[in-house]
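The values are calculated or read from the model by the stated rules, or taken from the named source; none is laboratory data. Note that the structure is predicted; figures quoted are calculated from it, not measured. Glycine also receives a Cβ, built like all others from the backbone with ideal geometry; neighbour counts cover every protein chain displayed.
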Amino acid sequence: LLEQLGMQRTPGNNLSFIGVCIFVGIIFLLMIEFLRRYYREILKNDKLIFLVGLIIVLVLLITRFISIIHISDQPDINALTGYLAPVAAGSMLLAVLIDSRLAHFITMVMAIFVGLLFEGQGLFYAITAFIGGTVGIFGVYRVNQTSDLARAGLYIAGVNILTIITLNLIGGSLTLNLLLYSIVIGVINGIASAVLMIGILPYLESAFSITSMIKLLELSNPNHYLLKRLLLEAPGTYHHSLMVGNLAEASAESINANPLLVRVGAYYHDIGKLKRPEYFVENQFGFDNPHEKIAPALSSLIITAHIKEGVELAREANLPQQVIDFIEQHHGTGLVKYFYNRALEEDRDGCISEGSFRYEGPKPQTKELALVMLADSVEAAVRSLQNPTPETIRNMVKSIIKDKLDDGQLENSPLTFKDLETITKSFCKILEGAYHKRIEYPEIIVKEFEKRRENHGDHDN
């Protein structure tokens, strides 16, 4: 493998071979120690370790292939192919699929190997690859739309131009003609890196069962058929889910959670209500509440069943596990209080079990999952207030969060008390804006407004 990668340039030279092996060993040990210190969860995950290794090997194999191809009859131009090394593509893949900070470290490793694969200007190629890869990571950090990936390629192309010019000013080894060729190759590298990354990404996502930001962006599209069904069949639940997403996303950044994952999780957390939308209060407009005609225990079974039914719908739609977790865990093992209390009022034998009125769980395991649980409960509670004021909203938000804390629903999540304080402030700010008191216009003003609309021909079609 070393010989194929070009790292063993003189097979007969045993000292060279030993030196290369020692160098690769040092890099390998540094990678293991880095993962052990900062990414223990990745080090324990064979699939992710294999993915990291696969990306490194792919980048080096492509680089090796580039180093032996001839793009021109002129040797000087062929020697510039080192600027085509696709380190930036590997860096962006690692940032999108695993983690940005890990991607920075691996970028440095790949750049070092690129420098070893080329003679002469190997150092220049390594520096260019490292800087291009770093900019690529910044370019795909928490992308908001797919076009951001293509834009990252332009950023890489731009920084490649600056780096090549700067290095030539420092080294002064290229003629103007070769410098122009180098710049063109640097631009091609940036664009090709983005294309390569976009092309490979879906296959790696599928093969390694990873939910990337790109997949989440696709799921956040309101045209997804599950969201369209929710809008048409359970409009109250749909708008509730949007509000939950807004609440949770606004708090996510400040507590170091993933805003995009939170938003998508919130959008899909209640899709199980599609099975029986009329049994949920937000969808009960224009007809009687069916729960008034059935026993509290049966009502509780119907309400809690939306978790299992949501998971089934999600799996039928091939939603990623990270999104399914929001469906499973957004109620934790919480108590269906309304129907439990009703059951206690109607119970004459004292045989009501609290456990039969609780969700099956599990409790939220991550910041994102706990955040959506809180946003879900808070939004529903505040919406039920008759005349919400800033004070009643604040009291309700604090009460709901305290209730979840006292019930042990947050014990498995990494949320801190400081996080909860930040979340409370964020929730209150958004809800006070959404439910602020509106001015009641006197009837005479309303009539005058309608008259002006008629005079200006502003009629509804």
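Within the group A305, A266, which residue is surrounded by 19 or more Cβ atoms within 10 Å (Cβ to Cβ), in the same structural domain as L344 (by TED's automatic domain parsing) and hydrophobic (A, V, I, L, M, F, W, C)? Show your work before the answer.
Details: A305 fails: surrounded by 19 or more Cβ atoms within 10 Å (Cβ to Cβ).
Being surrounded by 19 or more Cβ atoms within 10 Å (Cβ to Cβ), in the same structural domain as L344 (by TED's automatic domain parsing) and hydrophobic (A, V, I, L, M, F, W, C) holds for just one of A305, A266, which is A266.
Where in region 359-461 are the helices (runs of 4 or more DSSP H), entirely inside, with at least 3 residues that are at pLDDT 95 or above and under 18 Å from S254 (Cβ atoms)?
It comes to 367-383, 390-406, 417-434.
Are there any pairs, at least 6 apart or on different chains, whose C-beta atoms fall under 9 Å, with the first in region 130-152 and over 17 Å from P259 (Cβ atoms) and modelled with pLDDT under 85 and the second outside any helix (DSSP H, G or I) and of a type in the set (A, V, I, L, M), and if so, which?
Matching pairs, first to second residue: L149/V140; L149/V143.
One residue is enough: does region 99-106 have a residue meeting the conditions among the small types (G, A, S) and not in a helix (DSSP H, G or I)?
no
Could you tell me whether R348 is surrounded by 15 or more Cβ atoms within 10 Å (Cβ to Cβ) and either more than 27 Å from the chain's Cα centre (by Cα) or under 25 Å from K308 (Cβ atoms) (or both)?
No: the conditions fail for R348.
Being closer than 18 Å to I198 by Cβ and under 28 Å from the mean Cα position of the chain (by Cα) is true for just one of F105, F50, F138. Which residue is that?
After ruling out the rest, the residue left standing is F138.
Do you know which residues across region 162-178 are part of a helix (DSSP H, G or I) and crowded, with 16+ Cβ neighbours inside 10 Å?
T163, I164, L167, N168, L178
I need the full set of residues from region 225-244 which are in contact (Cβ under 8 Å) with a residue 40 or more places away in the chain and either outside any helix (DSSP H, G or I) or within 20 Å of the chain's Cα centre (by Cα) (or both), in order please.
L226, L227, A234, M243, V244 - these are the residues of region 225-244 that are in contact (Cβ under 8 Å) with a residue 40 or more places away in the chain and either outside any helix (DSSP H, G or I) or within 20 Å of the chain's Cα centre (by Cα) (or both).
Does any residue in region 284-312 that is part of a helix (DSSP H, G or I) come within less than 6 Å, Cβ to Cβ, of a residue that is among the hydroxyl-bearing types (S, T, Y) and surrounded by 18 or more Cβ atoms within 10 Å (Cβ to Cβ) six or more places away or on a different chain, and which pairs are these?
Hits for this filter: P290/Y279; H291/S299; I302/Y279; T304/Y359.
Please verify whether S91 is in a helix (DSSP H, G or I), among the polar types (S, T, N, Q) and modelled with pLDDT of 95 or more, treating the condition exactly as stated.
Details: in a helix (DSSP H, G or I): yes; among the polar types (S, T, N, Q): yes; modelled with pLDDT of 95 or more: yes.
So S91 passes the test.
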